[in-house]
Each structure stands twice: as C-alpha cells, then as structure tokens.
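The values are calculated or read from the model by the stated rules, or taken from the named source; none is laboratory data. Source: prediction; values computed, not measured. Using ideal geometry, Cβ is built from the backbone for each residue, glycine included, and neighbour counts are taken over all protein chains shown. In case anyone asks, the SASA skips ligands and DNA or RNA and just uses the protein heavy atoms, side chains included. Shrake-Rupley method; radii C 1.70, N 1.55, O 1.52, S 1.80 Å.
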Amino acid sequence: MPGWRIRRADPADAPAIWAIHTRAIRETASAHYPPESVVAWSGRMTPESYVEPIETRVVLVAEDDDGRIAGYAQLNPREGIVQACYVDPDYGRRGVGRALMAAIEDEARDRGRTALLLDASLNAIAFYASLGWREEARAHHELAPGAWLDCAIMTKKIAG
C-alpha cells in the first residue's frame with residue numbers, strides 16, 4: 001500500500017481535484033441517488049471553480065508515491081465546516097479518506113476549533129461514523145429543479 005503525502009492544494013491542482021470530485025460522484029455516490037441528482041451534483045463545478053477555495057480555505061490533497069492526486073478535502077476553518085472529502089475511485093478503500101480527514105482535523109485544531117460539522121452524502125455516512133462522527137439530522141438539498149440531494153448532518157468533537 002502506498003504512503004499518502006498530504007499537502008496544501010495549489011491552483012494548478014484544480015483540474016485534478018475537479019476530475020476526482022466528478023468521478024467520485026458519478027462512480028461512487030451514484031448507487032445512492034437518482035440519475036438526475038447525480039447529473040446536477042456532478043455538473044455544478046468546473047476546474048476553475050476550485051481555484052477560489054484553494055486560495056481562501058484549507059484544501060488538502062493526498063498524493064501517492066508517484067505524485068498522482070488520490071483525493072482531496074476542504075475545510076472552511078472560520079465556520080468549522082468540512083466542505084468536501086472525495087477520493088478517486090481508483091484509490092477507494094486504501095486509507096486516502098482517513099488520511100485526509102485526519103489532516104483536516106489537525107488543521108482545524110491548529111486554528112482553535114474544538115468541533116466540526118459536515119453534510120455527508122448517503123454513501124459516506126458509514127465512513128464518517130467510523131471516524132467518530134455523529135449523525136445529528138438529515139437534510140434534503142435542492143441541486144436543480146427536480147434534483148435533490150439527501151444527506152446526513154454530522155458533527156465531531158476534536159478538542160486537542
């Protein structure tokens with residue numbers, strides 16, 4: 001199993017992040033959502049739309065031994081919200097998500113956060129629960145007319 005190098009994303013990583021995000025939704029999450037939701041969810045972003053978060057939030061990438069980006073995670077440190085954690089389907093179940101979430105929690109702790117919040121897609125609830133996240137409620141977000149995304153609102157205490 002390769003080791004994961006976790007680093008801050010750079011604007012040049014935006015196309016790879018977009019590709020991972022899109023593939024993860026279409027190939028991993030699609031079993032839990034209707035086609036119209038998958039299309040609306042995966043079509044909301046462009047490679048360029050990742051540049052602003054890379055520059056203003058905490059966006060981390062996990063690289064394999066060959067330097068290929070295997071996943072990414074995004075934190076809004078001011079609000080304590082994990083906004084994304086996506087793994088390239090080619091790297092599923094190899095510890096990429098765990099490594100990214102551990103690094104995100106460290107970043108949040110370093111900024112004085114004692115708890116975090118996220119909206120988990122249905123396919124990711126068990127993953128987050130395995131990391132100590134607790135489901136608080138369910139939410140139903142409209143992505144586009146007629147396209148909805150059900151998710152779980154989850155929290156985790158991360159006091160240092």
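Within the range 138-155, count every residue that is open to solvent by 40 Å² or more (accessible area, probe 1.4 Å) and touching a residue at least 12 places away in the same chain (Cβ under 8 Å).
Pass one, the range 138-155, residues open to solvent by 40 Å² or more (accessible area, probe 1.4 Å): 138, 140-142, 145-146, 148, 150, 153, 155.
After this cut, where a residue has to be touching a residue at least 12 places away in the same chain (Cβ under 8 Å) as well, the list is 138, 141, 146, 148, 150, 153, 155.
Residues meeting the conditions: 7.
Taking the conditions exactly as written (without any contact (Cβ under 8 Å) to a residue 40 or more places away in the chain, touching an Asp or Glu at 6+ places or on another chain (Cβ under 9 Å) and more than 18 Å from residue 121 (Cβ to Cβ)), does residue 47 satisfy them or not? It is false that residue 47 is without any contact (Cβ under 8 Å) to a residue 40 or more places away in the chain, touching an Asp or Glu at 6+ places or on another chain (Cβ under 9 Å) and more than 18 Å from residue 121 (Cβ to Cβ). Within the range 5-20, residues that are within 18 Å of residue 76 (Cα to Cα) and touching a residue at least 40 places away in the same chain (Cβ under 8 Å) reach partners that are among the aliphatic types (A, V, I, L, M) and surrounded by fewer than 19 Cβ atoms within 10 Å (Cβ to Cβ) with beta carbons closer than 6 Å, at six or more positions or on different chains, in the pairs 11/51; 14/51.
Table: residues versus (1) touching a Leu at 6+ places or on another chain (Cβ under 7 Å); (2) of a type in the set (Val, Ile, Thr); (3) at pLDDT below 95; (4) closer than 24 Å to residue 27 by Cα.
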{"site": "55", "(1), (2), (3), (4)": "no, no, no, no"}
{"site": "66", "(1), (2), (3), (4)": "no, no, yes, yes"}
{"site": "76", "(1), (2), (3), (4)": "no, no, no, no"}
{"site": "97", "(1), (2), (3), (4)": "no, no, no, yes"}
{"site": "103", "(1), (2), (3), (4)": "yes, no, no, no"}
{"site": "107", "(1), (2), (3), (4)": "yes, no, no, no"}
{"site": "118", "(1), (2), (3), (4)": "no, no, no, yes"}
{"site": "130", "(1), (2), (3), (4)": "no, no, no, yes"}
{"site": "136", "(1), (2), (3), (4)": "no, no, no, no"}
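Within the range 119-137, count every residue that is in a strand (DSSP E or B) and open to solvent by 60 Å² or more (accessible area, probe 1.4 Å). Residues that pass the stated criteria total 4.
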